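Reading through the structure tokens given below for one structure.
The values are calculated or read from the model by the stated rules, or taken from the named source; none is laboratory data. If you're wondering where the values come from, they're calculated on a predicted model, not measured in any experiment. Neighbour counts run over all protein chains shown; Cβ positions are idealised from the backbone, glycine included. All accessible areas refer to the heavy atoms of the entire protein, side chains included, with ligands and DNA or RNA removed. Shrake-Rupley method; radii C 1.70, N 1.55, O 1.52, S 1.80 Å.
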Amino acid sequence: MKAQRLVIVSNRLPITAHIEGDQVTFSQASGGLATGLRGFHERMGGMWIGWPGLMPRLSKSQRAVVDQQLTKWGIVPLHLTRQEIREYYEEFSNGVLWPIFHYLLDRVPTGPTAWDSYRRVNERFAKLVAERHQPGDIIWVHDYQLLLVPGMLRQLLPQARIGFFLHIPFPATEVFRVLPWRREILESLLGADLVGFHTYSYMQHFAAAIADLTELEPEDGRVWLDDREVRFGVFPMGIDAQKFHDLATSPAVEEELRAIRADAGDRTILLGVDRLDYTKGLPRRVLALEALLQANPELRDHIRLIQVAVPSRDEVPSYQEFRREIEGLIGRINGTYGTVTSVPIHYLHQSISAERLVALYRAAEVMLVTPLRDGMNLVAKEYVASRIDDDGVLVLSEFAGAGDELHEAVFVNAYDVADLTAKIREALALPPGERRSRMQAMRRRAMGQDVHRWANDFIRALESDPGEKRLATPAAALKDALGRMRAASTVALLLDYDGTLVPIAATPDQAMPDKELLNLIDALANRPRTRV
């Protein structure tokens, strides 16, 4: 049955509500998820379920107005209490899952966790989806805040078509095993028909965790649960590349660009744009700049790092502490290497407009994207799409998923301050011709593999489900293969040995064929019109 609707399930919605006096206004969210799926949501007459944000100042009547307006846009809000947000979102999603999935185990709290609250909120999401479900719906669940939803939905809607996409890295098995609830999380993810990841390595880590922690045996990007097939796929997320290209040519950006360049004078601009998060590698980045200035005094007052740190999770104590750490480092470096007319690091702890962001991308000779670990990092792709002059150098962490596509970047070990320093120096020295050839190649890729293609590829893969293939259990597949062999005029059999004809063994003598196997091979070889 062809899907009637696309039902998107995510922690946050593509619409943000604002309270201005007694009035409630709405704006479109600008994140990659909202941008990539908004068109599909509207075109397929879909439904988007998520948390609209805390609205404590709203009266019951105002909240009813908000819900009514969201319903007109195909959005179903799930309101969460302050306690649920503190426990499910801040303490567990961002306090436990986020650092473990990013390999930063020292950030995991040692005290009690809010696992029970996380599970309850996931149940609320699943029940709301089930209540609104219609036959033929395609359900697409997103990200680490909702890891349990696919399994819960499978219990509530056994025949539903369910996809899940993880927007952050899936860690290596040794790291994932740290989670006490590792098996429950895996089993819940296997409630989906298709589980998507940004990179092949994340998908491989997921398959390895299944093999290590369950009785299942993943093979060829899929695993069987009784008569149901669960597929894994690689779907690198892109950006709305055309939007950034168009913005880069707009008069508003040109005006911003002139102002930025006039203020910088003859200084070379380096740029960092990140959420203020400990995974983004900001301390090592500014320490690398300090080392560069210390080793090359002639660069003092000739380079400027503009670091935009978008506020993130300001209410979480660990993030408050991290902000103090990074601002203390920047203050010390500016105090040491600043001059009467300038400081080496211009630090902006604020959100900025899209026009100013693109103007900064165009002004920056070197873009520093150096996370300690990142699922994809769309900032790298935004920079590339904005460089309509085919100039600029991208310095990119080896640990960002974007590295699998942006091969022409200058790659760096984001943990190694000395390597960071060397790669910044290398980027500053790249000749114009090489800068251009590298940027042109990256731009072609970013423009072609955009966010719309990402969403389309995932949904098409989730929809592609021929009836025979979906119901083909291993036993049914074997029966089908035998039937086709019997009907064929000639048959060629290519047989693997270790792990196929005999189990994989530690020593060759343990893998010797027994008499039954030899007789079977002999019988096949003597079969008419059969080659073995």
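What the stretch 341-385 shows is 28 Å² of accessible area per residue, with the surface traced by a 1.4 Å probe over protein heavy atoms.
With r as the distance between the Cβ atoms of GLU327 and ARG300 and R0 = 22 Å, compute the FRET efficiency 1/(1 + (r/R0)^6) and round to 0.05. E(calc), rounded to 0.05, equals 0.55. For the stretch 141-208, trypsin sites (Lys or Arg not before Pro) meeting the loop criterion (DSSP other than H, G, I, E, B) and having at most 15 other Cβ atoms within 10 Å: ARG177. Net charge around GLU255, counting only other residues with Cβ within less than 14 Å of its Cβ (Lys, Arg = +1; Asp, Glu = -1)? Taking every Cβ under 14 Å from that of GLU255, the sum is 0. Which GluC sites (Glu not before Pro) from the stretch 159-230 combine a DSSP loop assignment with at most 13 other Cβ atoms within 10 Å? Listed in order of number, the matching sites are GLU215. Our estimate of slack between VAL340 and ALA511, defined as 0.36 nm per intervening residue step minus the Cα-Cα distance, is 53.8 nm.
Across the stretch 94-107, computed HN-Hα scalar couplings (Karplus, 6.51 cos²θ - 1.76 cosθ + 1.60, θ = phi - 60°) run 9, x, 10, 5, 4, x, 5, 5, 9, 6, 9, 5, 5, 8 Hz from first to last residue, x flagging Gly and Pro. For the chain, the longest principal axis of the alpha carbon atoms and the long axis of helix 60-72 meet at an angle near 60°.
Return one number: the angle in degrees, 0 to 90 and rounded to the nearest 10, between the long axis of the Cα atoms of helix 251-264 and the longest principal axis of the Cα atoms of the chain. Compared with the principal axis, the helix lies near 60 degrees. Amide H contacts for PHE232 (H built 1.01 Å from N in the peptide plane; partners 5 or more residues away or on another chain; cut-off under 5 Å): VAL195, ARG222.
FRET efficiency for the pair HIS79 and SER437, taken as 1/(1 + (r/R0)^6) with r the Cβ-Cβ distance and R0 = 56 Å, rounds to 0.60. In order along the stretch 288-302, phi translates into HN-Hα couplings of 5, 5, 4, 4, 5, 5, 5, 7, 10, x, 5, 7, 4, 6, 10 Hz, rounded to whole numbers, per the Karplus curve 6.51 cos²θ - 1.76 cosθ + 1.60 with θ = phi - 60° and x for Gly and Pro. To the nearest 0.05, what FRET efficiency results for ALA523 and ALA487 with a Förster distance of 25 Å applied to their C-beta separation? Once rounded, the FRET efficiency stands at 0.85. Here the chain is assigned +1 on the Cβ of each Lys and Arg and -1 on the Cβ of each Asp and Glu. Its dipole about the Cα centre then comes out at about 1120 debye. Rolling a 1.4 angstrom probe over the chain with all protein chains present gives an accessible area of which 51% lies on carbon and sulfur atoms.
Let me know the whole percent of all Cα-Cα pairs from the stretch 162-290 that are separated by more than 24 Å. Before the final figure, lay out each step's value.
Details: 4350 of 8256 pairs.
When all Cα pairs of the stretch 162-290 are counted, 53 percent exceed 24 Å.
Roughly how tilted is helix 32-43, in degrees to the nearest 10 and between 0 and 90, from the longest Cα axis of the chain? For helix 32-43, the angle is close to 60 degrees. Look at (i) 97, 76, 56; (ii) 91, 61, 48; (iii) 80, 56, 51: the one that is Cα extents along the principal axes in Å derived from this structure is (ii). The count of lysine pairs in the chain with alpha-carbon distances below 18 Å, taking only pairs 8 or more places apart or on different chains, stands at 5. Placing pseudo-labels 7 Å out from each Cα toward the beta carbon at LEU430 and LYS127 gives an inter-label distance of 5.3 nm. If the chain linking SER318 and VAL532 were pulled fully straight, counting 0.36 nm for each residue of separation and taking away their Cα-Cα distance, it would gain 70.7 nm. Rounded to the nearest 500, the 222 nm mean residue ellipticity of the chain from helices alone is -13000 deg cm²/dmol, with -39,500 (n - 2.57) taken per DSSP H run of at least 4 residues. Near the amide H of ILE15, within less than 5 Å, lie the amide hydrogens of ALA29, all on another chain or at least 5 residues away, with H placed in the peptide plane.
Using the alpha carbons alone, the radius of gyration of the stretch 29-134 stands to its Kirkwood radius in an Rg to Rh ratio of 1.02. Annotation for the stretch 24-124: trypsin sites (Lys or Arg not before Pro) lying in DSSP loop with at most 12 further Cβ atoms inside 10 Å of their Cβ are ARG57.
Label-to-label distance for ARG275 and GLU255 is 3.2 nm, based on points extended 7 Å past Cα in the beta-carbon direction.
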